[in-house]
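Here's the structure we're looking at; comments come further down.
The values are calculated or read from the model by the stated rules, or taken from the named source; none is laboratory data. It should be emphasised that the depicted structure is a prediction, and the values quoted were computed from it without experimental measurement. Heads up, the Cβs are rebuilt from the backbone with ideal geometry, glycines too, and the neighbour counts pull from every protein chain shown. Side chains included, ligands, DNA and RNA excluded: accessible areas come from the protein's heavy atoms. Shrake-Rupley method; radii C 1.70, N 1.55, O 1.52, S 1.80 Å.
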Amino acid sequence: MLEEAGEEVLGSVLLKASCLPLSFLLVLPAVLLLLLGPPPASAAHEFTVYRMQQYELGGQPYGTRNAVLNTEARTVEADVLSRRCVMMRLMDFSYEQYQKALRQSAGAVVIILPQSMSSVPQDQFMEIEPEMLAMETIVPVYFAEEDDELLSIYEQTQAASASQGSASAAEVLLHTATANGFQMVTSGAQSKAVSDWLITSVEGRLTGLGGEDLPTIVVVAHYDSFGVAPWLSHGADSNGSGVAVLLELARLFSRLYTYKRTHAGYNLLFFASGGGKFNYQGTKRWLEDNLDHTDSSLLQDNVAFVLCLDTLGRGKSLHLHVSKPPKEGTLQHAFLKELELVVASQFPEVRFSMVHKKINLAEDMLAWEHERFAIRRLPSFTVSHLESHRDSLRNSIMDVRSRVDPKILTRNTRIIVEALTRVIYNLTEKGVPSNLQIFTEQMQIQQEQMEAVMDWLTSQPRAAQLIDRDSTFINTLEYYMSRYLKDVKQHHVKADKRDPEFVFYDQLKQIMNAYRVKPAIFDLLLALCIAAYLGVAYVAVQHFGLLYKLVQRLSLKSKQQ
């Protein structure tokens, strides 16, 4: 009896003494979760993203319609892409994968570009860009330049996405619960239309020697670039090469027009137009202002022809695009013949041809810039190494500086300036041989300077949405032209408020954060584990006497054995 009473007293004392450690067992999980648990979602990486084009032209919307992104990342290997941010690498990109993401109602698409665009095969993405822009895309589409951290995020996301196809449901559940996910969030607001945006063009002239009614030759090149993303559009060949040739022509003829002996009886009007990629809006308004709204313009007088320069930095061929074949006896026909003579006698390796295409006003976009002038009945043509206006090179982010060959650009410049000079000074009629190079020694074409101009042109994106009247690019272009030309001035175009021909949108460049997060199932499993732990602790507290006796009996048995 005394032993049993002693055991009961001892058990009572131990039960009271165990209150502190049992309470500690209940508090311990909360303390560990606070101290050792995963921290709140933190930014794994912050990087710059460039949004796909968003604009309206003639009332027709193009490109993506949204800019806000806040969703979990996946790759195309995942079975479910709905309301997910689908990440793709350009090196592995295909239009079928892109359409798959859109069909499954993806929340967004992020395309990762290589650090060097020249490493991508030219035709791999260039052919897809027009198709991406032709369809209206509701979800935001962004482009990001690859770095080590972004590549690591992509690989982790790809591994998590690929695991969803495992055969075992338990493996999928375990991997999903333990894997790290990434929440992609943009910092900007929803895109909105930009009001009162100005498209700026720059013009300058060289006045001919003689009377007031001198014929005028107009040299034109649009400076803006275009691609699937405005901030990635550097437009080296289209149309940085055309602007480089225009500036070199201005430099060479300014020297000829400096001396009375070589001062020709032609006015030369140089026009670097804006909005060329948007149906040549700058040229259209410039023609309207000069032909309809003023009485003193060189365009209203005797215009010999308009020479448009486009994509001249590559290729083994050269083409003269016309809307109407020039008639014999006209100055434009003489220029055509001089081009043929110069190519045949000085550059026989170049394939030259005239390409005739009628203007199709039913199309949303004109084919070439000279068609703007042809509509106003001004004789005009475009010189380009491209045989077709539908060549995807003209509207691609793949058109980078490395795609332009400086030697070919210099060669094409020489062909054009030699033919133009022979027309202006009537050298063929004077018996000057066609194989005689005019621009040599001090008057030779400066390839190094043209390379420097190309480096400057391609050092920045020149999308029309990014270049306003006060931009550094416009100021530098105006300064460069004023070195060689007279009466250099800007010309501005603003869309009509009631019926705008073009509408641009903002939020084209943003900061995106990739937050490292656990999936929702991880929180569920963690909650179940905590509940099980607390349940066991609760049962142990409520039945501690039985538990103590059980432990005591087990210990006695072990001692007896």
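Observations, loosely collected:
- Scanning the stretch 287-314 for residues that are under 21 Å from F226 (Cα atoms) and either over 24 Å from the mean Cα position of the chain (by Cα) or of a type in the set (D, E) (or both) yields C308, D310.
- For V342, the conditions (1) over 28 Å from Q53 (Cβ atoms); (2) surrounded by fewer than 21 Cβ atoms within 10 Å (Cβ to Cβ); (3) β-branched (V, I, T) all hold with the exception of (2).
- Residue within the stretch 416-425 that is open to solvent by less than 10 Å² (accessible area, probe 1.4 Å), within 30 Å of Y62 (Cβ to Cβ) and of a type in the set (S, T, Y) present: no
- Pair list, Cβ under 7 Å, 6 or more apart: the stretch 204-215 residue among the β-branched types (V, I, T), other residue surrounded by 18 or more Cβ atoms within 10 Å (Cβ to Cβ) and part of a strand (DSSP E or B): T207/N267
- Members of the stretch 306-335 found to be open to solvent by less than 40 Å² (accessible area, probe 1.4 Å) and among the acidic types (D, E), listed by number: D310
- Whichever residue in the stretch 133-154 is at pLDDT below 90 and assigned to a helix (DSSP H, G or I) and, among such residues, is surrounded by the fewest Cβ atoms within 10 Å (Cβ to Cβ): A134
- No other residue among N290, N279, N267 is closer than 30 Å to A464 by Cα, free of Cβ contacts under 8 Å to residues at least 40 places away in the same chain and surrounded by 15 or more Cβ atoms within 10 Å (Cβ to Cβ) apart from N290.
- The set of residues from the stretch 484-505 being open to solvent by 30 Å² or more (accessible area, probe 1.4 Å), modelled with pLDDT of 95 or more and outside any strand (DSSP E or B) comprises just one member, Y484.
- Being closer than 24 Å to M132 by Cβ and small (G, A, S) is a property that G188 has.
- When A374 is tested against the conditions (1) surrounded by fewer than 17 Cβ atoms within 10 Å (Cβ to Cβ); (2) under 26 Å from G329 (Cβ atoms); (3) of a type outside the set (V, I, T), the lone failure is (1).
- Residue in the stretch 347-358 that is among the basic types (K, R), in contact with a strand residue (DSSP E or B) (Cβ under 9 Å, 6 or more places away or on another chain) and surrounded by 22 or more Cβ atoms within 10 Å (Cβ to Cβ) present: no
- Taken over the stretch 224-264, the criterion of being more than 22 Å from R411 (Cα to Cα), open to solvent by 10 Å² or more (accessible area, probe 1.4 Å) and not in a loop (DSSP other than H, G, I, E, B) is satisfied by W231, L232, K260, R261, T262.
- Selection within the stretch 326-361 - under 37 Å from the mean Cα position of the chain (by Cα) and among the basic types (K, R): R351, K357, K358
Let's see how each residue does on (1) under 26 Å from N426 (Cα atoms); (2) without any contact (Cβ under 8 Å) to a residue 60 or more places away in the chain; (3) touching a Phe, Trp or Tyr at 6+ places or on another chain (Cβ under 9 Å); (4) small (G, A, S):
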position	(1), (2), (3), (4)
T294	no, yes, no, no
E328	yes, yes, no, no
A334	yes, no, no, yes
L341	yes, no, no, no
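- Test result for G210, open to solvent by 10 Å² or more (accessible area, probe 1.4 Å), at positive phi and more than 21 Å from the chain's Cα centre (by Cα): yes
- So R469, is it touching a residue at least 60 places away in the same chain (Cβ under 8 Å), within 22 Å of the chain's Cα centre (by Cα) and more than 30 Å from S297 (Cβ to Cβ): no
- Residue match in the stretch 199-206 (condition: touching a His at 6+ places or on another chain (Cβ under 6 Å), among the hydrophobic types (A, V, I, L, M, F, W, C) and not in a helix (DSSP H, G or I)): no
- All positions within the stretch 412-426 that are out of contact with any Asp or Glu (no Cβ under 9 Å at 6 or more places or on another chain) and of a type outside the set (S, T, N, Q): R414, I415, I416, I424, Y425
- Consider the stretch 370-394 and keep the residues that are of a type in the set (K, R) and assigned to a loop (DSSP other than H, G, I, E, B). The one that is nearest to D123 (Cα to Cα) is R390.
- Scanning the stretch 71-94 for residues that are in contact (Cβ under 8 Å) with a residue 40 or more places away in the chain, part of a strand (DSSP E or B) and either touching a Leu at 6+ places or on another chain (Cβ under 7 Å) or aliphatic (A, V, I, L, M) (or both) yields a count of 4.
- Test: residue in the stretch 469-483 that is modelled with pLDDT under 95 and surrounded by 15 or more Cβ atoms within 10 Å (Cβ to Cβ): no
- Considering A67, A44, A106, A73, the condition of being under 20 Å from Q190 (Cβ atoms), in contact with a helix residue (DSSP H, G or I) (Cβ under 9 Å, 6 or more places away or on another chain) and either modelled with pLDDT under 90 or of a type in the set (G, A, S) (or both) is satisfied by A106 alone.
- S297 satisfies every condition listed in (1) open to solvent by less than 20 Å² (accessible area, probe 1.4 Å); (2) modelled with pLDDT of 95 or more except (2).
- The residue list Y533, Y538 contains one member that is loosely packed, with under 14 Cβ neighbours inside 10 Å and aromatic (F, W, Y), which is Y538.
- Only residues that are free of Cβ contacts under 8 Å to residues at least 12 places away in the same chain and assigned to a helix (DSSP H, G or I) were counted in the stretch 395-440, giving 0.
- The stretch 128-139 residues that are of a type outside the set (F, W, Y), paired with ones that are at pLDDT below 90 and part of a loop (DSSP other than H, G, I, E, B) (beta carbon under 9 Å, 6 or more apart): I128/F93; I128/S94
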